[in-house]
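The values are calculated or read from the model by the stated rules, or taken from the named source; none is laboratory data. These numbers come from a predicted model, not from an experiment. Don't worry about glycine lacking a Cβ; one is built from the backbone with ideal geometry, like all the others, and counts go over all protein chains shown.
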Amino acid sequence: MVIKILGSGCKNCVALKENTEAALRETGIQAEIVKVEDFREIMKYGIMTTPGLVIDEKVVSYGKVLKPKDIVKILENYR
C-alpha cells in the first residue's frame, strides 16, 4: 500500500501525515507514505484544496485534516 499526502508542506499537511502514521500504527498496516509537494503533481489528482490523502492512487480525502480514527476507517476498507 502506498499512501500519498498531497500538499505544500503546510501545518495541515504535516498534521495529516502525523495522523496517517498514527492510524497505521493503530491498525498494524504496513504502508509507504510519500509526500507530494509539487503542485503540478497534485493537480494531476484533480484536487484544488490541500491537504489531500491518496491511497493506492485513489483520492480518499482532500481539503481537511482527518483525525486518526477517520483514517483507520478508510484503511480498514482497503484491507
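Filtered by the rule that a residue be at pLDDT 95 or above, over 11 Å from Leu6 (Cβ atoms) and out of contact with any Leu (no Cβ under 8 Å at 6 or more places or on another chain), the stretch 41-79 gives Asp56, Glu57, Lys58, Lys64, Lys67, Pro68, Lys69, Asp70, Val72, Lys73.
Restricting attention to the stretch 51-79, the residues that are among the aliphatic types (A, V, I, L, M) and closer than 23 Å to Asp38 by Cα total 7.
Table: residues versus (1) buried (at least 16 other Cβ atoms within 10 Å of the Cβ); (2) assigned to a helix (DSSP H, G or I); (3) without any contact (Cβ under 8 Å) to a residue 12 or more places away in the chain; (4) out of contact with any Cys (no Cβ under 8 Å at 6 or more places or on another chain).
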| residue | (1), (2), (3), (4) |
| --- | --- |
| Lys4 | yes, no, no, yes |
| Val14 | no, yes, yes, yes |
| Asn19 | yes, yes, no, yes |
| Arg25 | no, yes, yes, yes |
| Thr49 | no, no, no, yes |
| Ser61 | yes, no, no, yes |
| Val72 | yes, yes, no, yes |
| Leu75 | yes, yes, no, yes |
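Selection of the stretch 2-13 for residues being modelled with pLDDT of 95 or more and either within 15 Å of Glu76 (Cβ to Cβ) or over 10 Å from the mean Cα position of the chain (by Cα) (or both) yields Ile3, Lys11, Asn12.
Only one residue in Asp56, Asp38 is under 14 Å from Leu75 (Cβ atoms) and surrounded by fewer than 18 Cβ atoms within 10 Å (Cβ to Cβ), so which one is that?
On the way: Asp38 fails: under 14 Å from Leu75 (Cβ atoms).
Result of the check over Asp56, Asp38: Asp56.
If you go through the stretch 27-39 and keep only what is part of a loop (DSSP other than H, G, I, E, B) and either under 19 Å from Gly63 (Cβ atoms) or in contact with a Pro (Cβ under 8 Å, 6 or more places away or on another chain) (or both), you end up with Glu37, Asp38.
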